[in-house]
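Structure first, commentary second.
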Amino acid sequence: MTTKTLEKTPVAPPHLRCTDVLSDALRGHAGIQEAKLDLQQGRLKIVYDPRVMDRGQALSVVRRAGEKAWAQVQRCALANTPACADCAADLGKELTAHFQALAQGAFQPAATYQDGQIEVHIGPQTDSARATAEVTIAPSAGTEERLPIWERWGLTGIRAQAMFTTITLITLLLAAFGARIGLPARSITALYVVAYGAGGLLGTIEGVGALRRGEFNVDLLMILAALGAAFIGQPTEGAILLFLFSLSNTLQEYALGRNRQAIEKLLELRPPIALVKEGADWVERPVEALRLEDIVLVRPGERFPIDGEVVSGETEVDQSPITGESVPVPKRPGDPVFAGTVNTTGAVEVRVTHLAQDTTLAKIVQLVEKAQEAKARTQRMLDDFEQVYAKLVLLGAVLLVVVPVLGFHTPFDRTFYRAMTWLVVASPCALVISTPASILSAIANGARHGVLFKGGAYLEQTALIKVVAFDKTGTLTEGEPKVTGLYPYDDVREDAFLRQVAAVEARSEHPIARAIVHEAQQRGLEVPAAEDFRALVGQGVEGWVDGHLLWIGNERLFAERDVVLPTALRERLHQLEEQGQTAMLAYDATAQTWLGVVAVADTIRADAPQVVVRLKKLGIERVVMLTGDNERVAQAIARQVDVDEAYARLLPKDKVTVLESLRRRYGPTAMVGDGVNDAPALATADVGIAMGGAGTDVALETADVVLMADNLSHLPYAIGLARRARRVVWQNLTFSLAVIVLLVALAFGADLPLPLGVVGHEGSTVLVVLNGLRLLAYRG
């Protein structure tokens, strides 16, 4: 692979994250395999396949697509939303045409837009050939001058909406007051023109943009209704409509902005400056300037500025911003620490292991932002429904004018007024916003508590889970064997017994040996050095300790050496094995005396039984355990945890078969594992849930849901949150549909005035947003 860089003077992008659309459009597909846009430096780096395009073509892709992206940035700036659908759809069409020219007939490019991302395919994916190109992208000349004047004043997003809403209200009140005191008609007309312009400007931009793409949206319906009211001599009612519509949009933007802020505030947890060791001195350096292997000092009460590994000192760390754990975690040399977490007790020196943009905290924010862009299935259905429904509403308005006037000779003004009321009350504003308001809130809540949903679809699917299947090792159990019992023979003292066994096992790399040595260290025993150590494959170990030859192993070791096992030890051995524990016999071959039995087992997590109980209370029908261990060990763990079913001696492909069987028998299934060796099972399950994702790239990449802490108790929380979100979504859908039906009935059965229709319509929209925001306060 060859890497070359084309450097230009960095120019900071003029606006926000809408340029992420460019990265989404290029990343991970044939020809262009990766794309990374540095928003601070305005630099785009792509990794491309030189067999599909040469360097000149690659640079051309970056420059041309970049120039078009800047134009999209300015349009998205109005809404201040990442990767907005308008921006993405237009850019997708432009990139498709551009890639078609590049392919020169070799491939047929195709662009698809789904879940907030554009995919541009121009050929078969391959990793066998890679090259890189890096350029600095700047907005084309005159971009700043082409911005709307309010953008140049710094009024973007909710600020612009609030400003226009305020202008609409003030001019509406002035026009009404002016009519009462007898102002000239020309002055009143001018005030209404300003009110209509301020209240309808942003909606017109959105509506016309959609119309140019052959789409209809709610904004267009509202603008047409307001213009219709003015046309029949009811400008006050039209202005009221635009004011309430603008106010509703402002409140929605404010409410949904709470979700973005909930995540973006995570990044504020990371301090901007770090204290770095340079020679014998400590100097302050911006976090973005830190390099790998730098040594950073973090004092008590300070937040860790970067991901790293403790190299000196001991402390306890509040990791709740990353993992959701409420109890500080002890940290010693060799332990990992994460940016944004709080050092509570002691000063520590930390070696930098990740750059600022690659920290776990940064990845969490990126994953959650992508998840919030990825639409739930219900939301995608509503978006499709909106297009058809909006056309039907518009057609209905036309028929409500044409049929009564031509067929029944009804006065035009009356029928037209009713048609405008119909446009308002039948519009699906509340229906369309009901799902994203709830889904975004739930995803934000989960991220703040150490649960990452990869998208709304996975949140919805988690709410439907009927079966939870656990991998045993490292999930239901601690994943590391521990000494569970010491049984000295005759009058042998326990500490002396453990000291001799640990001396021989200290020379072994086997997990059981490490567990025995660790137990001796925990008891503060001085372990002597063993000599002439030898590992006996499938049997055990032997070595000389204090002039005595010790044999430590299973029954087979002693059977092959014709050493008779005492009845008491044999009974103890079989009893331990029935309990699923591994038992090792210890024998002094020099003195020809038995020392005793050491029992070792992979112990269950302390909270595992309680988690299983909580899952069943949530309505999970079956809790299942999958393991590659033997049947005896599996049944012993299953009894302790109280799972419904346990499957033993499973290879990775066998776990896939079991999951498919569980799905057929019971319904949607979740697989909980560590995200490393359970990848096939995680992919097969309806929802793959990885534990211990903090600092584990594989878990972050492979699973649909990631529990950042190595903590089982977050699983019931995740399922409970998903189910609460599903209930709120259905509450919103039911309420918004009921309001539409009620308002339509009143419009035709009771001649509902247009202003009251507007209040009911916009009020229902705000209520469903606020109801969705309640999920931010969910605590389980």
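Provide the net charge surrounding residue 306, with neighbours chosen by a C-beta distance below 9 Å and charges set as Lys +1, Arg +1, Asp -1, Glu -1.
With Lys, Arg at +1 and Asp, Glu at -1, the neighbours total -1.
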Taking 7 Å along the Cα-to-C-beta vector as the label spot, tell me the residue 312-residue 537 distance in nanometres, rounded to one decimal. 4.6 nm
Residue 345's amide H: which non-local residues (gap 5+, or another chain) put their own amide H closer than 5 Å, with H modeled 1.01 Å from N in plane and none for Pro or chain starts? 301, 316
If you stretched the chain out fully between residue 639 and residue 344, how much longer would it get, using 0.36 nm times the residue separation minus the C-alpha to C-alpha distance? 102.3 nm
Output ³J(HN,Hα) for region 540-549: one whole-Hz value per residue in order, computed from phi by the Karplus curve 6.51 cos²θ - 1.76 cosθ + 1.60 with θ = phi - 60°, and x for Gly and Pro. x, 9, 8, x, 9, 10, 6, x, 10, 8
Give the long-range amide H neighbours of residue 602: residues separated by 5 or more places, or on another chain, with amide H under 5 Å away, using H modelled in the peptide plane at 1.01 Å from N. 482
FRET efficiency for residue 490 and residue 332, Cβ-Cβ distance as r, R0 = 41 Å, nearest 0.05? 0.55
Below 15 angstrom from the Cβ of residue 486, what's the summed charge of the other residues (Lys, Arg +1; Asp, Glu -1)? -1
Amide H neighbours of residue 306 under 5 Å, counting only residues 5+ apart in sequence or on other chains, H built in-plane at 1.01 Å? 339, 340
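With a Förster radius of 30 Å, plug the Cβ-Cβ distance of residue 738 and residue 414 into 1/(1 + (r/R0)^6) and report the FRET value to the nearest 0.05.
0.60
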Protection proxy (average C-beta count within 10 Å per residue), highest first, orders 626-638, 419-431, 177-189 as 419-431, 626-638, 177-189
Suppose R0 equals 41 Å; then what is the FRET efficiency for residue 751 and residue 464 from their Cβ-Cβ distance, rounded to the nearest 0.05? 0.40
What is the packing order of peptides 399-407, 737-745, 197-205, taking the mean over residues of other C-beta atoms within 10 Å and listing the highest first? 197-205, 737-745, 399-407
Cross-link table 277/454; 482/655; 454/616; 454/617; 617/653, entries beyond 28 Å C-alpha to C-alpha: 277/454; 617/653
Please list 3J(HN,Hα) in residue order for region 714-721, calculated via the Karplus relation 6.51 cos²θ - 1.76 cosθ + 1.60 where θ = phi - 60°; whole Hz, with x for glycine and proline. 6, 5, x, 4, 4, 5, x, 5
With x for Gly and Pro, the residue-by-residue ³J(HN,Hα) of region 517-529, computed from phi through the Karplus equation 6.51 cos²θ - 1.76 cosθ + 1.60 at θ = phi - 60° and given in whole Hz, is 5, 4, 5, 5, 5, 4, 8, x, 7, 8, 8, x, 7
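Just so you know, all these numbers are worked out from the coordinates, no wet-lab data involved. Predicted model, so just to flag it, every value in this text is computed and none were measured. A quick note on method: Cβ atoms are made from the backbone with ideal geometry, for glycine too, and the neighbour counts reach across all protein chains shown.
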